[in-house]
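**Q** Okay, here's the structure, questions in a sec.
Just so you know, all these numbers are worked out from the coordinates, no wet-lab data involved. Owing to the predicted nature of the structure, the values given are computational and were not obtained by experimental measurement. Cβ placement follows ideal geometry from the backbone for every residue including glycine, while neighbour counts extend to all protein chains displayed.
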Amino acid sequence: MPFQKIIVIGSPGAGKSTFARKLRDITGLPLHYLDLIWHKPDRTTVPRAEFDKKLEEILLSEQWIIDGNYQRTIKRRLLSCDTVFLLDYPVEQCLAGAEERVGKKREEIPWVEESLDESFRQWITEFRQTALPQIYSLLQQYHDSRIITIFKSRTEAEGYLNALIQQLD
């Protein structure tokens, strides 16, 4: 397989977890959700040192898919991965994606969201201006030894996954 250590990043609501799950199902690589490492079921978070220790354990393993942004750790994950998938979708699509999952049990977060929190909505709305430029800058800095694929739509991402299934068959 051409990749063994993958990060999936992009705006909240873009479908990172769905893409990562499909990638896991196709490749058989272990999948780790940063949200599950950071959040406790009671909606509190673990101490930063505990999160960093768990992330480091994952990064040192032979194979993985890591789903999530967590800007503070992107550089560290970039240094360890061989493949990056960036879901760079329009804000409206990300907001719709976040709204669609309200009320649904998901394996990547330890509770069911009852509504789309206003601060979370704001984070999605501002992601292109605040977080995305930093992500693109880091990708430019570390592009030489990594496979970087940027999807601008869910159709592009689905097409890639379908082609990967055919390639691996």
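**Q** Helix-only estimate, please: 222 nm mean residue ellipticity of the chain, summing -39500 (n - 2.57) across DSSP H runs of length 4 or more and dividing by its residues, to the nearest 500.
**A** One gets -15500 deg cm²/dmol as the mean residue ellipticity at 222 nm.
**Q** Taking +1 at the Cβ of each Lys and Arg and -1 at the Cβ of each Asp and Glu, which of 15, 98, 138 sits farthest along the dipole of the chain towards its positive end, judged by Cα position relative to the Cα centre?
**A** Value: 138.
**Q** Below 8 Å between Cα atoms, with a sequence gap of 6+, how large is the relative contact order for the chain in percent?
**A** Relative contact order comes out at 33 percent.
**Q** In nanometres, what is the gap between the two model label sites at residue 102 and residue 136, each 7 Å from Cα along Cα-to-Cβ?
**A** Modelled inter-label distance: 3.0 nm.
**Q** How big is the gap, in Å, between the Cα center of the range 94-169 and the Cα center of the range 1-54?
**A** Rounded to whole Å, the Cα centres lie 11 Å apart.
**Q** Using 0.36 nm per residue of separation minus the Cα-Cα distance, give me the extension gain between residue 42 and residue 126 in nm, one decimal.
**A** Taking 0.36 nm per residue and subtracting the Cα distance, the gain is 27.6 nm.
**Q** Shifting gears a bit: Arranged from highest to lowest average of other beta-carbon atoms within 10 Å per residue, in what order do the peptides 78-90, 12-24 appear?
**A** 12-24, 78-90
**Q** Work out how much length residue 163 to residue 149 would gain on full extension: take 0.36 nm times their residue separation and subtract the Cα-Cα distance, in nm to one decimal.
**A** Between residue 163 and residue 149, full extension yields 3.7 nm more.
**Q** What's the extension gain from residue 56 to residue 115 if we count 0.36 nm per residue and subtract their Cα-Cα distance?
**A** Extra length available between residue 56 and residue 115 comes to 18.0 nm.
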